[in-house]
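Visitor: The structure's right below; bear with me while I get my questions together.
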2 protein chains.
Amino acid sequence: MKKKTTINLPTYSQALPILVAVDCIIFGFIENQIKLLVFKREVEPYAGKWSLPGSFVDKKENISTAAKRILLELSNLKNVFLEQMHSFGDIGRDTGDRVISVAYWSLIKPEEGKSQTDIVIANHITKWVDINPLPELVLDHTEMVKMALQKLSERAKFKPIGLELLPSEFTLPQLLKVYEAIQQRTIDDRNFRKKILKSKLLIQLDKKDKSSSRKGAYLYKFDYNKYKQLQNEGYLFEI
Amino acid sequence: MKKKTTINLPTYSQALPILVAVDCIIFGFIENQIKLLVFKREVEPYAGKWSLPGSFVDKKENISTAAKRILLELSNLKNVFLEQMHSFGDIGRDTGDRVISVAYWSLIKPEEGKSQTDIVIANHITKWVDINPLPELVLDHTEMVKMALQKLSERAKFKPIGLELLPSEFTLPQLLKVYEAIQQRTIDDRNFRKKILKSKLLIQLDKKDKSSSRKGAYLYKFDYNKYKQLQNEGYLFEI
């Protein structure tokens, strides 16, 4: 039998503190593609390289508050889908110091016309980039984005998460494009329509979007109340 | 228009470090119930109170290494399902100091006979407790357990996570009991059998478990290879 040794757990005063950062993976749906918001890093090491929007958590601030603050400061966004994803804590992940990064992911509806060029927000340079292929990002940020894309694709199978990327009124072709972009594959149009309409979770509006064809396509809204009710009954939103 | 101000992001040397801890939510399936492993806290504040197994992350240690170390040190467990769940980072969550806790959850198969009394492992006092109702736990540990139970119930809908709680050979009544415990509700026996056998993911063995009836119940194994293959094709494991 192996001898079991006593392990002394460190007390509060014995433990060494660590820097904690928040990084945000922000996806937007632009020109039928999922795009990622990146910003030009301002601190050394790697100042001037493309990075996820992020910064250090203030010692007197909740992590979730830090995430909201960073999203607002570096992208001018608030009241959007923002959720903690995963904490990255390997000792070698940041050459600047030992930093644990709590990664958040966010889905937004970018404003028209703000998509393709560099945007300067509160003196920070940001831009939307393709996810396929991803540009080179600092530290382990590529790994973070890959995890978020995986999560997006998994979540979209069971929850109507794709809708976070669309305006509140959308057409069926737009919805299909979102799901194709999320799952990075072609989805059969007729099956998709049948499935989504059968769910009875879309409310057809009495107006059409005529931007892409003369005949136009009906606009729909998602019925969040009904979804919530069905969910409580054990319903699965399956695409 | 509001004036936008420049925000200066802190550098590595300007940021204040924070204590980081790991806490483990460890579930085991004992006497047809989900139980939680707790341990008697050894450091002030709240020394002597029941707590999740946890400790501080060493500055020179990956977070995932810390989780494995704590699981091993405080429960003597290794090579079990262990996954990062969520980081808890509100400023008021720990009265001892500003501590961010990265919570991990784990599902294990407890050894027979080690379930009901306090166990001393490397001089730490641990025990298995009921989850319904939960005993009083220190800090925000009750919130952590509730999130883990929620996650367990959600995950079990789509993935064969319940099997982590059973020995590798199990009977259908045992499997049903695990799912009933996870979902905290009675599940129709015949529907469950039909659904699970239809999935063709169980391999029936040529032997029976006779511990609970004279006739006995066939033992089964889960076909992880087949599951992996089906999963790659887009299969949903639905219970």
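Any read-out appearing in this document is the output of simple, stated calculations on the displayed coordinates, not a laboratory observation. These numbers were taken from a predicted model, which means no experiment stands behind them. Using ideal geometry, Cβ is built from the backbone for each residue, glycine included, and neighbour counts are taken over all protein chains shown.
Visitor: Which far-off residues, 5 or more places away or on another chain, put their amide H under 5 Å from the one on A:Ala21, with H placed in the peptide plane?
Guide: Here the answer is A:Val57, A:Ile100, A:Ser101, A:Val102, since their amide H atoms fall under 5 Å of that of A:Ala21.
Visitor: Related question: Across the residues of A:12-25, average count of Cβ atoms on other protein chains within 10 Å?
Guide: That works out to 6 on average.
Visitor: Mind checking the dipole of segment A:1-72: about its Cα centre, +1 per Lys or Arg Cβ, -1 per Asp or Glu Cβ, Debye to the nearest 20?
Guide: Here segment A:1-72 has a charge dipole of around 480 debye.
Visitor: Let me ask you something else. Of all beta bridges DSSP finds with both residues in the protein assembly as shown, what is the antiparallel percent, to the nearest 5?
Guide: Roughly 75 percent of the beta bridges in the protein assembly as shown run antiparallel, per DSSP.
Visitor: Moving on to the next point. Exceeding 19 Å between C-alpha atoms, which entries from my cross-link table qualify? They are B:Lys78/B:Lys127; B:Lys159/B:Lys210; B:Lys157/B:Lys195; B:Lys68/B:Lys159; B:Lys177/B:Lys221; B:Lys200/B:Lys221.
Guide: Beyond 19 Å between Cα atoms: B:Lys159/B:Lys210; B:Lys68/B:Lys159.
Visitor: If you don't mind, another one. For B:Tyr46, enumerate residues with amide H under 5 Å from its amide H, sequence gap 5+ or separate chain, H modeled in the peptide plane.
Guide: The answer is none.
Visitor: For B:69-80, what's the mean count of beta carbons from other chains sitting within 10 Å of each residue's beta carbon?
Guide: 1
Visitor: Something else about it: How many angstrom lie between the C-alpha centres of segment A:19-75 and segment B:66-84?
Guide: Using only Cα atoms to place each centre, the spacing works out to 32 Å.
Visitor: Please get the size of the charge dipole for the protein assembly as shown, origin at its Cα centre, with Cβ charges of +1 on Lys and Arg and -1 on Asp and Glu, quoted in debye to the nearest 20.
Guide: So the dipole magnitude of the protein assembly as shown works out to roughly 1680 debye.
Visitor: Could you pull out every residue, at least 5 positions away or on a different chain, whose amide H is within less than 5 Å of the one on B:Leu205? Hs are placed 1.01 Å off N in the peptide plane, and Pro or chain starts have none.
Guide: The answer is B:Leu219, B:Tyr220, B:Lys221.
Visitor: Shifting gears a bit: Among B:Phe192, A:Phe88, which comes first, second and so on when ranked by fewest other beta-carbon atoms within 10 Å?
Guide: Exposure proxy ranking, most exposed first: B:Phe192, A:Phe88.
Visitor: Counting other C-beta atoms within 10 Å, and keeping those with at most 10, which DSSP coil GluC sites (Glu not before Pro) do you find in segment B:115-211?
Guide: Loop-located and lightly packed - B:Glu136.
Visitor: If you rank B:Thr65, B:Thr186 by fewest surrounding Cβ atoms within 10 Å, what's the result?
Guide: If I rank by nearby Cβ atoms, fewest first, I get B:Thr186, B:Thr65.
Visitor: Using alpha carbon centroids, what distance separates segment A:180-239 and segment B:135-159, in Å?
Guide: Rounded to whole Å, the Cα centres lie 32 Å apart.
Visitor: Could you give me the ³J(HN,Hα) list for segment B:47-61, computed from phi with Karplus coefficients 6.51, -1.76, 1.60 and θ = phi - 60°, whole Hz, x at Gly and Pro?
Guide: After applying 6.51 cos²θ - 1.76 cosθ + 1.60, I find 4, x, 8, 6, 9, 5, x, x, 6, 6, 7, 6, 4, 9, 9 Hz.
Visitor: May I pose another question? Compute, for chain B, the length of the dipole vector about the Cα centre, with Cβ point charges of +1 (Lys, Arg) and -1 (Asp, Glu) only. Units Debye, rounded to 20.
Guide: 960
Visitor: With unit charges on the beta carbons (Lys and Arg positive, Asp and Glu negative) and the dipole taken about the Cα centre of chain B, which residue among B:Leu149, B:Leu230, B:Ala47 sits farthest to the positive side?
Guide: Ranked along the dipole, the leading option is B:Leu230.
Visitor: For segment A:19-155, just say rounded, prolate or oblate: build the C-alpha gyration tensor, square-root its eigenvalues into a ≥ b ≥ c, call rounded for a/c under 1.5, and beyond that prolate if a/b exceeds b/c, oblate if not.
Guide: Judged from the Cα gyration tensor, segment A:19-155 comes out rounded (a/c under 1.5).
Visitor: Okay, moving on. Are there trypsin sites (Lys or Arg not before Pro) in segment B:170-203 that DSSP puts in a loop and that have at most 16 other Cβ atoms within 10 Å, and which ones?
Guide: Answer by residue number: B:Arg185, B:Lys200.
Visitor: So how far apart, in nm, are the two label points at B:Asn132 and B:Glu42 if each is 7 Å from Cα heading toward Cβ?
Guide: In this crude spin-label approximation the distance works out to 3.4 nm.
Visitor: Using the number of other C-beta atoms within 10 angstrom as an exposure proxy, rank A:Leu163, A:Leu230, B:Leu82 with the fewest first.
Guide: Ascending number of Cβ neighbours within 10 Å: A:Leu230, B:Leu82, A:Leu163.
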